[in-house]
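Quick notes on the structure that follows.
The values are calculated or read from the model by the stated rules, or taken from the named source; none is laboratory data. As the structure is a computational prediction, the values presented were derived from the model and not from experiment. Please note: Cβ atoms are built from the backbone with ideal geometry, for glycine as well, and neighbour counts cover all protein chains shown.
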Amino acid sequence: MLKRCALWLRNGFVRGRSLNATRIVAASFAIIILVGALLLTLPIASRDGQSAGFFTGLFTATSSSCVTGLILVDTWTQWTLFGQVVILAMIQLGGLGFMTVVSLISFALHRRIGLSERLIMVSTLNLDSMDGVVRVVRHALMGTFLLEGAGAALMSLRLVPDFGLAGGLWRAVFHSVSAFCNAGFDLLGGRFGAFSSLAGYQDSPIMLGTTAALIAIGGLGFFVWEDILRARCWGRLSVYSKMVLLITGLLIVGGAAFFFLEEYHNPATLGDMPVWEKALNALFQSVTLRTAGFDAIGQGGLSESSKAMSTILMLIGGSSGSTAGGIKTATVAVLLLALRANLRGREQVTFRGRAIPFGQVLNAMTLTLVVLFVFLIASMVISTVEGLPYLNCAYEVASAMGTVGLTTGITPELTRISQSILIVLMYLGRVGILSFSIALMTGKRRPAKLHYPEINVMIG
C-alpha cells in the first residue's frame, strides 16, 4: 500500500505533459504553500488552541516554503510541536525543491528516472543541462542530510546544556536544517524573547560559527559541491565554480570588513562588544545576508549606510542551484565581466580564457533589470502605503525578494496590503522572477521570421 501511494505521488508530479518543467516547479511551491497554510491554520498548530487565522498561516507557510524567514508571529511562542514540525517540513521541501525530495521515492524503489523527471530536476536546481543531473541530485540529498546532521551535532553542544536533552536536540535539528536551507527560522523566542533570533548567542562561536558555515555551504549550490568533490583542487575546478567561489568570498570578506568598520562604535549593534566578538558578529552579519535571515545584532539598530549595504547584499543573494535566493552571484559576476569588456572596448565577454555566450549576458541583464524594477516599485508602494522611511521599506522588500528573512522589525506591524506584497515577493524570489515569467509563457524561444534593418542609438 505504501509503495502504491509513493508511486502515485511520484507520477502525479511528472505526468503533466501539458506543463513544462518550470510551470511544474512553480505549481509545486504553490501547492506546498497552500497545504502548509491550511495545516498551520488548524487549532492544534497554535499554543493557545485557537486558529492563528488563514492569513498568518499563509504568510508563515510562504516564508518557510520559500526559505525566507520573515514572520508575523514568533515561531516558538505561537506554534506547538505540530506547527513546528510542519514548518520544518516546509523548510526542507522548499530548500531542496519538492521534485528533488520526490526523487527519493525513485531512488528508494530503484525506479528509473525518466526524461520528464530529469527536466524538472534541472529546472528545480537551476542547472543548464541534464548531464549528470541524477548524480547531482543524489549527492545533493546525501550531502544535505550529512551536513544537517553534523550541524545539529555541533549546535547540540551549546543547546543541550541550555534546554535539556530533548529540547536541546530538537532545537539543534531545527536550527541546523533552517540554517542549511537558508530559512532563518528559530525556536529561541521562549528563552530570549519573541523575535530574538540568535541575539542570545552573539557571544557563542559554536552557534554563530556553525550557523554561518551551514549558510555558506548551503548557498554555494549543488553543482559547485559536485564540482569540488570531482576536482578536489582549485586548478581542476570548472570556470563556473571558480567564478562562484571568488564572488562569494569577496562578498563575505568585503561585507564583514564593511560592517566591522561601520558598526564598530554603534552601541545599538557592535559598539559594546569586545573586539573578537565584534569581528565574529560582523562576519556573521555578512554571511547571514546571503539569504539566511538569522539575526544576532538587531537589524533595526544598523546605521543607514549598513542598511543600504545590507539591501544590496540581500538582492545579490547566493548561487544558482542552491537553497539561496537573490539574483545570484554568477549573475553579478557576468555583469561585472560585461562591464569590464565594454570599458576595454571588447566585443566578447571573457573569464579566464573562456567566452561567455551573448545570450547568457543578455539573460543576466534582463534578470537584474526585472529584479531592480520590481524592487523599486514594491518598496515605493509599501513606503507610501505605510508612511514609513523608504530605506526601511526597501530593506524589507529586498529581504523578501532575496528570500533572506531579516527585518528591521516593521514586518509584523505592516498592513495586510503590504504583507500581501511581501508574500508575493517571497514566492517570486524562491521560484525566480525570470523562471516565473517563463512559466507563464510558452517556455520556447522561436527564431525570428523577419529580420529588421539595424539602427544606431546614441547611448550615454
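If you go through the stretch 201-248 and keep only what is of a type in the set (Asp, Glu) and under 26 Å from residue 173 (Cα atoms), you end up with 203, 226. If only residues of the stretch 342-383 that are in contact with a helix residue (DSSP H, G or I) (Cβ under 9 Å, 6 or more places away or on another chain) and among the small types (Gly, Ala, Ser) are counted, the one that is surrounded by the fewest Cβ atoms within 10 Å (Cβ to Cβ) is 353.
Going by the conditions given, is residue 310 within 23 Å of residue 396 (Cα to Cα) and buried (at least 19 other Cβ atoms within 10 Å of the Cβ)? It is true that residue 310 is within 23 Å of residue 396 (Cα to Cα) and buried (at least 19 other Cβ atoms within 10 Å of the Cβ).
Scanning the stretch 300-357 for residues that are of a type in the set (Ser, Thr, Tyr) and either part of a loop (DSSP other than H, G, I, E, B) or under 22 Å from residue 237 (Cβ atoms) (or both) returns 303, 319, 320, 322, 323, 329, 331, 350. Just to be sure, is residue 239 in contact (Cβ under 8 Å) with a residue 60 or more places away in the chain, of a type in the set (A, V, I, L, M, F, W, C) and exposed (fewer than 15 other Cβ atoms within 10 Å of the Cβ)? Spelling it out, residue 239 is indeed in contact (Cβ under 8 Å) with a residue 60 or more places away in the chain, of a type in the set (A, V, I, L, M, F, W, C) and exposed (fewer than 15 other Cβ atoms within 10 Å of the Cβ). Here's a check for you: in the stretch 31-63, which residue that is touching a Leu at 6+ places or on another chain (Cβ under 9 Å) and farther than 20 Å from residue 426 by Cα is surrounded by the most Cβ atoms within 10 Å (Cβ to Cβ)? The residue in question is 45.
Here residue 292 clears all of (1) at pLDDT 90 or above; (2) under 18 Å from residue 405 (Cα atoms); (3) not in a helix (DSSP H, G or I) except the condition numbered (1). Just checking, how many residues over the stretch 255-281 are in contact (Cβ under 8 Å) with a residue 24 or more places away in the chain and within 21 Å of residue 211 (Cβ to Cβ)? Of the residues in the stretch 255-281, 12 are in contact (Cβ under 8 Å) with a residue 24 or more places away in the chain and within 21 Å of residue 211 (Cβ to Cβ). Within the stretch 181-208, being assigned to a helix (DSSP H, G or I) and touching a residue at least 60 places away in the same chain (Cβ under 8 Å) holds for 189, 190, 199, 201, 205, 208.
Among the residues of the stretch 183-213 satisfying the criterion of being touching a His at 6+ places or on another chain (Cβ under 9 Å) and of a type outside the set (Val, Ile, Thr), which is surrounded by the most Cβ atoms within 10 Å (Cβ to Cβ)? Of everything passing the filter in the stretch 183-213, 185 is surrounded by the most Cβ atoms within 10 Å (Cβ to Cβ). Restricting attention to the stretch 63-80, the residues that are touching a residue at least 40 places away in the same chain (Cβ under 8 Å) and outside any loop (DSSP other than H, G, I, E, B) total 6. For residue 385, the test of being within 20 Å of residue 241 (Cα to Cα), part of a helix (DSSP H, G or I) and in contact (Cβ under 8 Å) with a residue 24 or more places away in the chain is failed.
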